[in-house]
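Quick note: the coordinates plus some simple rules give every number you see, no bench work behind them. Given the structure is predicted, the values throughout are model-derived calculations rather than measurements. Here the Cβ positions follow ideal geometry from the backbone for every residue, glycine too, while neighbour counts run over all protein chains shown.
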Amino acid sequence: MTISSPLGGVIRDDLGLRLEFDRTFDTTVEDLWSAVTESDRLARWFGSWTGDPTTGQVEMVMTAEDTDEAQTVHIIECIAPTRLIVEVPSPDGTWRLAVELSALGVVAGKDVTRMVFTHRLAEPYDASSVGPGWHYYLDRLDAAVAGVPVPEDFEPYMAELAGSYPLPD
């Protein structure tokens, strides 16, 4: 397998390190927002959630993982249809994830939307597995939005991309 979708990057800023992906999707902002926030559409590529998001948290079950254990996702900011920030527990501590969407207009007769996905990294700042993981999930999102089969096997991503997310100097 050769992975041709755009790589993300590890960026150092005033707050530390972040893993960032800048992707475009052939769809409207509203449709991409729906794919990122509505439980049934989110389940196609990432995980489903239950609960009342107006409380500031939902229970998420990953659909592409080997576990069906729910984890609490805290909603930090939600401005439909352009900005979502959540915090998710992980074995490495809390992950802060952000999605920013913006319409780029119509290109070749198709609506195009830009997504900037950011994962704020915490110590020990290891992006060697986190980077390929998010790359895999964003490729799954792209396939789900396009209405084609989503990638099912993470291993090729890990094998091909493990060295692609080095820490900056």
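Positive-end ranking of LEU101, PHE46, THR2 along the dipole of the chain, with charges on Cβ about the Cα centre, is headed by LEU101. Net charge of the neighbourhood of SER34, taken over other residues with C-beta under 10 Å away and scored Lys/Arg +1, Asp/Glu -1, is -3. Of the GluC sites (Glu not before Pro) in region 61-131, the ones in a loop by DSSP (not H, G, I, E or B) with at most 15 other beta carbons within 10 Å are GLU65, GLU69. Proximity of backbone amide H atoms, modeled 1.01 Å from N, is registered between GLN57 and ILE75 at under 5 Å, excluding neighbours fewer than 5 places apart on the same chain.
For region 1-47, a Kirkwood radius taken over Cα pairs fed into Stokes-Einstein (20 °C, viscosity 1.002 mPa s) yields D = 163 µm²/s. Within the shell defined by Cβ-Cβ distances under 12 Å, the residues around GLU100 carry a net charge of 0, with Lys and Arg each +1 and Asp and Glu each -1.
3J(HN,Hα) along region 21-34: 10, 10, 10, 10, 10, 7, 6, 7, 4, 5, 5, 5, 4, 4 Hz, from the Karplus curve 6.51 cos²θ - 1.76 cosθ + 1.60 with θ = phi - 60°, whole Hz, x for Gly and Pro.
Computed over the chain with a Gaussian network model linking Cα atoms closer than 10 Å, the most mobile of THR54, THR82, THR63 is THR54.
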